[in-house]
1. I want to confirm something. Restricting to region 529-559 and keeping residues that are of a type in the set (V, I, T) and in contact with a Ser or Thr (Cβ under 9 Å, 6 or more places away or on another chain), which single residue is modelled with the highest pLDDT?
2. Can you tell me which residues in region 416-462 are of a type in the set (D, E, K, R) and under 21 Å from G402 (Cβ atoms)?
3. How about region 38-70: which of its residues are farther than 18 Å from D105 by Cα and buried (at least 22 other Cβ atoms within 10 Å of the Cβ)?
4. In region 546-571, what residues are part of a helix (DSSP H, G or I), surrounded by fewer than 23 Cβ atoms within 10 Å (Cβ to Cβ) and of a type in the set (S, T, N, Q)?
5. Spot the failing condition for E604; the list is (1) in a helix (DSSP H, G or I); (2) outside the structural domain of P497 (by TED's automatic domain parsing), and only one is missed.
6. Name the strands (runs of 3 or more DSSP E) wholly within region 29-133 that hold at least 3 residues that are modelled with pLDDT of 95 or more?
7. With the condition kept exactly as written, say whether any residue in region 436-455 is among the small types (G, A, S), closer than 23 Å to H556 by Cα and over 20 Å from the mean Cα position of the chain (by Cα).
8. Condition first: farther than 21 Å from R277 by Cα, crowded, with 19+ Cβ neighbours inside 10 Å and not hydroxyl-bearing (S, T, Y). Can you find one or more residues in region 142-151 that meet it?
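The values are calculated or read from the model by the stated rules, or taken from the named source; none is laboratory data. Not measured: the values here are computed from a predicted model. Virtual Cβ from ideal backbone geometry, glycine too; neighbours counted across all protein chains shown.
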Amino acid sequence: MNAITAKTDLDNIAETYRKAQEAAGRRVIVCAGTGCVANGSLEVAKAFEKQIAAAGLEVSTFLQTEPDHNTVQLSESGCQGFCQMGPLVTILPDNILYTQVKEEDVAEIVEKTLRNNETIQRLLYVEPGSEKTCERVDQVPFYTAQSRTVLAECGTIDPRSLPEYLAKGGYKAARKVFEGMTAKEVCGEIEEAGLRGRGGGGFPTGRKWELTRIQEKTPKYVICNGDEGDPGAFMDRSLMEGNPHAVLEGMMIAGHAVGATEGYVYVRLEYPLAVERIRQAVADAEEHGILGDQVFGTDKAFRIHIMEGAGAFVCGEETALMASIEGKRGMPSPKPPFPAQSGLSGCPTVINNVETLATVPLIIRDGAQAFRSVGVKTSPGTKTFALTGHVANTGLIEVPFGVSLATVVEEIGGGITDNNGALIDGSFKAVQIGGPSGGCLTQEHRDLPLDFDSLKNVGCMVGSGGLVVMNENTCMVSVARFFMQFTQNESCGKCVPCREGTRQMLALLDDIIEGRSTEDTIPTLERVARTVQQTSLCGLGKTAPSPVLSTLEHFHEEYQAHVDQKRCPAGQCKALTVPEIDPEACVGCTACVRKCPVDAISGEPKKPHQIDPELCIRCGACAEVCKFNAIKGI
């Protein structure tokens, strides 16, 4: 029997928490997303607990005791988004944001900010280029240019606290569904909202649910696909870490909509913090009668199981994922039948990714029309992206569909940086969107609205939401090779086009960047890419050639320079660069001459030296000893 089954019990928990939070004085929120944890945020949180107590203030982590105005609520949040500036500490109700906080900064924060209401200037964010200091979260351009909806609570609430999720209106949407809506009504509401899958394909979620609902076979299942494997992508991980109950609530609503009584959260093994927090969320929900045999005290049942993936990228494909849950090797199967007809164990199954499911409660709570008021007609709502690469501000962002690429890169991203992270004047060279399944956007796409259809029209896709920005010093052939090597390594090997075709494409790209290419290399590369795209069994193989085809289309001259002139325009392909010594930088110290193992360097002391490219073996010994950075092309 569940400990709590009555609706009023959950309302009382929420109200008690709200009152306790209002009674407390300040709140210190330490970001405990994976990025900040890696930079020491948990040690910062422990230091706060110690220093607050030492200052004679009452400290409470989960507001277990009756707080008063002298109580400081100390909590850990999920990812606050601004990963590059972590560890992040937010002070409420002042909304002060401190960046790159270290253990040794905590005593000063407690003394000056918590006790004396002073702001510590050196810990505030400073805009690159302008030197403008931002004291409050709502003054930081990285945040102000966003529209944080799905991420609204991620980074503010404590993901380990069910009472706080309830106090923010959590599980009200699920209660509304279980207590007063039919399955058909729920499917209709989601379809009317126009929600499309955030995992990459963009298939209408309401239609997928309806196709599952009308199946007569039982049992039925709901699967949350948390097997986020794209390089540089961490949107789903951050949601599971920062607001796990929102994901569970979305699964419950999906379960009611299709007639399922069981669900699975399939999480990457490499996401231990997400696994820990989602497991705790399930346990807390079961304890309070939210999950179990009598959901919210009704006669309806819904249980959720957590399964850790085995680390295979292909298991992000839905049929391979289901095979993995069944204990089989994760390999894709032909479609049809689709999962809605025959999925897990041959039963009707709904599979949605984490972000899609976390969006569902917002639609039920606010209504389909409110959801449609954001974004564009064919792509309503918002989308989270992992913004990385050569931009000043990297991290987790959320923007309305239809926002321009320039807004993301220049306003939220803060502008282009060089390879050392310094802000530079100039425009981006390319943006890889959609990870290894996506394509490149260039300067000609600067004003392109980011939505499902606009991206499809230029040969790209939203994908899971990775955005990698590249400056002018990036070799696009090497970028294509990076993604091809990834997909070739991750191919399950079941079908010949993907297994052998990706291997051939990788070999051809190697020929190009290592100077072995001929005039037939590029046509052969394109022909193989088209074949793999058209004949592969699953989505991994069909989209694997996308980075190659996209870079060939937009940077064909760069490919030709590698082939015809045996030259890398970006100067990044080692085999195609000519070793030389910059005469302006060389002071003739002779250190390189003494270090070269093949006597390829000559010159008189105190005069610029020269490298014989025919003798040079590119060992890099000269570059290691040169104190003046005069060695180029090694």
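1. It comes out as V532.
2. So in region 416-462, the residues of a type in the set (D, E, K, R) come out as 418, 425, 429, 444, 446-447, 451, 453, 456.
Of everything in region 416-462, those that are of a type in the set (D, E, K, R) and under 21 Å from G402 (Cβ atoms) turn out to be E444, R446, D447, D451, D453, K456.
3. L63
4. Across region 546-571, the qualifying residue is only Q560.
5. (1) is the only condition that E604 fails.
6. Result: 89-92, 96-98.
7. The answer is yes; a qualifying residue exists.
8. Checked region 142-151: at least one residue is farther than 21 Å from R277 by Cα, crowded, with 19+ Cβ neighbours inside 10 Å and not hydroxyl-bearing (S, T, Y).
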